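The values are calculated or read from the model by the stated rules, or taken from the named source; none is laboratory data. Quick caveat, the model's predicted, so the values are computed rather than measured. Here the Cβ is made from the backbone with ideal geometry for all residues, glycine too, and neighbour counts use every protein chain on show.
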């Protein structure tokens, strides 16, 4: 079977799996109608043109759906603050109720489809679905990127630490469903890093593209040892070798400063990260169950590198 045939086979399987061959998806709404409700619920407001771009939907078809939503009092329209020719759309109170109902039905649908899986199967499924999403979401412009397009600086600047807190918390909420307690844990950790930060023995690597921060890695001094912390990058910049490059810079700095060892903490859910750490010589040394830090039970893992 060719790659194209395999992808088509998966499309048929997944379409049947979710029941998308039916004319209606959830609560007697079409899939397109459900997607419009969902997208309007993710931001303060959107224009019809933005919905066309996001959903790749026909303008005429979208217009008919929006008129239907207006009649049901699910959406509100207001003059755009940025384009006098356009109108901003947002969900009304009734529309938000529909969104809540769709969300609950969708979550129940997923639970029904995965209830036969054990914990490890679910973890593996989530990881591979994330990888599929990451690969397919690479934008055409991002495909052209190389390491030469990324600027990496090591001087701490105003705005770096808030970027770490916000980005790190957002990323792990989106990809692993870590919540408010984890957000507080990140804030405390970043504050601790700043309090002991000395450029002579600690280091940050801030990745930037076209003037925007897109990734981060830090080395924190712990006496003769060092700790690797806050290693992350925007999902659109994965797959170009940036992670490997940052890890090599990290290892080079360890050796330059004559550290004897280095350690890091991660969780059993972060399979891709663990694979990268092992590639650079880190070895798993300890498991520690955590019930509260991540807002749900997880297994933390400690990795260590002896130099």
**OP:** Sort through 218, 261 and tell me the only one that's touching a strand residue (DSSP E or B) at 6+ places or on another chain (Cβ under 9 Å) and surrounded by 19 or more Cβ atoms within 10 Å (Cβ to Cβ).
**Re:** 218
Subject >> Checklist (1) part of a loop (DSSP other than H, G, I, E, B); (2) in contact with a helix residue (DSSP H, G or I) (Cβ under 8 Å, 6 or more places away or on another chain); (3) within 24 Å of residue 165 (Cβ to Cβ) applied to residue 201, failing item >> reply: (2)
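What residue, among those in the stretch 89-101 that are in contact (Cβ under 8 Å) with a residue 12 or more places away in the chain and more than 27 Å from the chain's Cα centre (by Cα), is surrounded by the fewest Cβ atoms within 10 Å (Cβ to Cβ)?
94
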Subject >> Residue under evaluation residue 258, criteria (1) free of Cβ contacts under 8 Å to residues at least 24 places away in the same chain; (2) assigned to a loop (DSSP other than H, G, I, E, B); (3) closer than 24 Å to residue 299 by Cα, criterion not met >> reply: (3)
Original post:
Name the helices (runs of 4 or more DSSP H) wholly within the stretch 21-95 that hold at least 2 residues that are at pLDDT 85 or above?
Top reply: 31-40, 59-71
Original post:
Out of the residues in the stretch 127-168 that are at pLDDT 85 or above and in contact with a helix residue (DSSP H, G or I) (Cβ under 7 Å, 6 or more places away or on another chain), which is nearest to residue 209 (Cα to Cα)?
Top reply: 150
**OP:** Specify the residue that is surrounded by the fewest Cβ atoms within 10 Å (Cβ to Cβ); the eligible residues are those in the stretch 201-214 that are at negative phi and without any contact (Cβ under 8 Å) to a residue 40 or more places away in the chain.
**Re:** 212
Subject >> helices (runs of 4 or more DSSP H) lying entirely in the stretch 102-188 (those with 1 or more residues that are surrounded by 12 or more Cβ atoms within 10 Å (Cβ to Cβ) and free of Cβ contacts under 8 Å to residues at least 24 places away in the same chain) >> reply: 119-136, 160-176
